[in-house]
Every structure is written in C-alpha cells, then in structure tokens.
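*Asks:* Sharing a structure here in structure tokens format.
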Amino acid sequence: MGAVKIKEGFYWVGAVDWNVRDFHGYTTHRGTTYNAYLLVDEKIALFDTVKAPFFETLMAHIREVIGDPQKIDYLIINHIEPDHGGAIAKVVEAVKPEKIFCTRNARLGMIGYFHQEDWPFHEVKTGDELKLGRRTVKFIETPMVHWPDSMVSYLPEDKILISQDAFGEHYATSTRFDDEANFCELFQEVAKYYANIVLPFSPQVQKVLKAVQDLKLEIEMICPDHGVIWRKHVKEIIEAYDRWSRYEAKPRVLVMYDTMWNSTEKMAWAVYEGVVKEGVEAELFKLSVSDETELMAEVMEAKALAIGSSTLNNGLLPTVAGFTTYMKGLRPRKKLGLAFGSYGWSGEAVKHLNKIFEETKTEIVHEGFKVKYAPTAEDLKQCEELGKLLAKKVKETCGA
Ligand code: FEO
C-alpha cells in the first residue's frame, strides 16, 4: 500500500508486516504494522521509523509525499525499540536531518545501538514544544511505556496524539483507521497487546493518563506505532487502558493446568465444574496445547486463576513452570488464586504454585489441594467444592 493522508499535511508512511508470526516470542497470528508519520509544514518532521527490513518501504512512502527524503528537517524519535528504531541509522544517512528530537534515554539508547555520538541529537522533556510552522509538537515523556526512552508527541492544532507503542496492537490491515477494521478482532488484539506488552507498566500507564488529564489534552485522534489509527473509538481505547491499568477484571475463572497421567486433568475438570455450578463463567486451558500469548490476554481479563500441575522432579511440569514464569514477569495483580495437583511421592507442585501466587500478590483463597496418584470420587468432590469456593469469592469481590 502507499502513503496514507491522515489529515491535511499529515501522512502515514509506515509499513505493514503481513507475515510476522513471532514477535520476540509474542505470537502475531494477524501480523503487525510499523507506523511512521510525516508532518509537512514549513518544516517537515518524520515521527519514528520502521523495523530495519522495511526501510525501503518507508522511503518509498516518504518519496510519494514529498519527493526527496532530504526535505525532511527533523526526525522525532518517540521510541527506540528496533521494531521502530531498526531503520534509524539508514534514515539518518538518507535524510541527513538537521535535528533528532528525543528524550535523554532515547539519545543514550541510540548511541548504544548505533554508536554515532555525533548525530544532531536534541534532548526534550515533558512540556517542551517544537514549532514547525502552523503546527506545534508538544513532547510528553512516558518512561517505561514502553521503554525508559519512550515519549509521546502531541499536535495541539489537530488534537492528534502520536503515541508510539501505547494504544497499539499487532494487527495487519489494508486500511489504516479503527472504523475501517473489524471491531471485534481489533479489540481482541488490543487486549492481547496490553496483556503481553504493557501490563507490567500499568502504574506508569496510570501516571501517563493522569498527565494527559492534567495537561488538559484534547484528543481527537491517536496515532500509535502499531496497528490502526484511532479516530472513532478514542474514548473506548482510553477507557480500556484505564481499566486494564487499574487491574479491573471480569467475574470469570480460568482453570489452567497440565497433567502427566490425567489425574491433575480430572481435578481441573472438577474445579471447573464447581465454578460453573456456582454460576460463574469459567474457561479451561491445558497449557501444553495453549498459546501463551493468547492465554495471557485471558489472564488479564479474569478475576481468578485456578492453576494445576502434577509434581515432576519435586517441581512443576515444564509447561506450567514456563507459562507461570512468563505470567509472573507480566505482573498481573489483584487476582484470586487456587492451586491443585496430583503427585506420586513428594508433591511440591502446590507449594510452588502458591509461591507464584504470593509473588504476583494474588489472594490465595485456600491452601491448595494435592492428591496422591489418582483422585478418588471424594477427592473430586473436594475439587468441585474448591471451585465453588473460588467462584463465591469472585462474586464477592466483583459484586456479581
Ligand atoms: Fe513496538 Fe516497544 O516497541
């Protein structure tokens, strides 16, 4: 696709990556985009670049709009992660910008990546402004949303927020705006993106949302560095970020487990039955056949997690250890937890799972339940009762 005019003098010049399926471990079933934006005024500014292999696409889009890329005066780098910054060195060589506007951490990061201390860096802080002619760019630092270098750029005359990773999603589309995309798919991808990329930085997201409020920024359009441009559902996406960053969850229980000889699986089904009988929505996932990235979005949205593992070599099954390690790093909070599992002779899995709950500040609703070898009918009844207990607690805390 070619460059896309977003508003008079403001263009999308990025690239669509239809074929990426693994984004540093994140499964991108619907591809992604690397968005860059060109603002043409008395001065011309390019906001962010693209992943290195898409440099030529970026250049072709820039040429469509202004002919010679060397007409660009300023490079504005909101975020240096290589999916946006991979092409910076080639862009600097091709464009020869008069100045590169970025935060102090972005300058240090670019020197770390490209080892070019003599580039024309110009450090900015929250509240700094750049006049391009009729238009102004206001900078707002957003450290850790997504990296220490991150900032967003606001165009007050057009009420546009250029938001780098924030409000983005991995979603390749042939159209550029939210109202042209499948809304259901789009919101699935936004939630998945938040859960797998932004969730650990939720306290910082709250600070950014507060800063936007304090600065009284009116936002009519959000232009992120991935996925669609928000122009119709701006309010909804900001509200979703507020909800997710406050760890609000739905009255729902996820039963996640893996099993060696089906004993833990039987326990998982009994816990699930208990939750459902108590009238609370439940979902059941066997970790060896589940997509971790997709599952993390479910974790974010669910109030309670029941996790089961057989004990293997005094520890957890590798699939359970792997997923819970990944989950712990993404710092879910304000959950309810229940651990269960079968064992042959030592039975440490429940203890390990409870430790993970403690590390994620999850409220443990019961000490957990372990069964030697295979569960009896009585054991399964007990699992069902624990499912009911968890569901009751969900109803209590969610007011459902
Ligand atoms: Fe899309 Fe943090 O990079």
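The values are calculated or read from the model by the stated rules, or taken from the named source; none is laboratory data. These numbers were taken from a predicted model, which means no experiment stands behind them. Every residue, glycine as well, gets a Cβ built from its backbone with ideal geometry; the counts of neighbours run over all protein chains shown. SASA here: full protein model, heavy atoms, side chains in, ligands and nucleic acids out. Shrake-Rupley method; radii C 1.70, N 1.55, O 1.52, S 1.80 Å.
*Asks:* Please go through the stretch 366-392 and give me each residue that is surrounded by fewer than 20 Cβ atoms within 10 Å (Cβ to Cβ) and either within 22 Å of Glu301 (Cβ to Cβ) or β-branched (Val, Ile, Thr) (or both), ordered by number.
*Replies:* Residues satisfying the conditions are Thr376, Lys388, Leu389, Lys392.
*Asks:* Here's a follow-up. Looking at Glu93, Glu42, Glu56, Glu64, can you tell me which residue is open to solvent by 10 Å² or more (accessible area, probe 1.4 Å) and outside any helix (DSSP H, G or I)?
*Replies:* Of the residues listed, the single one that is open to solvent by 10 Å² or more (accessible area, probe 1.4 Å) and outside any helix (DSSP H, G or I) is Glu42.
*Asks:* Follow-up. In the list Ala240, Ala249, which residue meets the criterion of being open to solvent by less than 10 Å² (accessible area, probe 1.4 Å) and either out of contact with any Lys or Arg (no Cβ under 8 Å at 6 or more places or on another chain) or away from the ligand (no atom under 16 Å from the Cβ) (or both)?
*Replies:* So the residue among Ala240, Ala249 that is open to solvent by less than 10 Å² (accessible area, probe 1.4 Å) and either out of contact with any Lys or Arg (no Cβ under 8 Å at 6 or more places or on another chain) or away from the ligand (no atom under 16 Å from the Cβ) (or both) is Ala240.
*Asks:* Another question, then. For the stretch 150-165: of the residues being under 17 Å from the mean Cα position of the chain (by Cα) and outside any strand (DSSP E or B), which is nearest to the ligand (Cβ to nearest atom)?
*Replies:* Within the stretch 150-165, the match that is nearest to the ligand (Cβ to nearest atom) is Asp165.
*Asks:* When residues of the stretch 59-83 are filtered for being acidic (Asp, Glu) and within 16 Å of the ligand (Cβ to nearest atom), how many remain?
*Replies:* Residues in the stretch 59-83 being acidic (Asp, Glu) and within 16 Å of the ligand (Cβ to nearest atom): 2 in total.
*Asks:* From the list Gly227, Gly168, which residue is open to solvent by less than 10 Å² (accessible area, probe 1.4 Å), at positive phi and within 16 Å of the ligand (Cβ to nearest atom)?
*Replies:* Gly227
*Asks:* Here's a follow-up. Is at least one residue of the stretch 183-194 touching a helix residue (DSSP H, G or I) at 6+ places or on another chain (Cβ under 6 Å), at pLDDT 95 or above and within 16 Å of the ligand (Cβ to nearest atom)?
*Replies:* Scanning the stretch 183-194 turns up at least one residue that is touching a helix residue (DSSP H, G or I) at 6+ places or on another chain (Cβ under 6 Å), at pLDDT 95 or above and within 16 Å of the ligand (Cβ to nearest atom).
*Asks:* Restricting to the stretch 96-112, name every residue that is farther than 17 Å from Leu58 by Cβ, part of a strand (DSSP E or B) and more than 16 Å from the ligand (Cβ to nearest atom).
*Replies:* Lys99, Phe101
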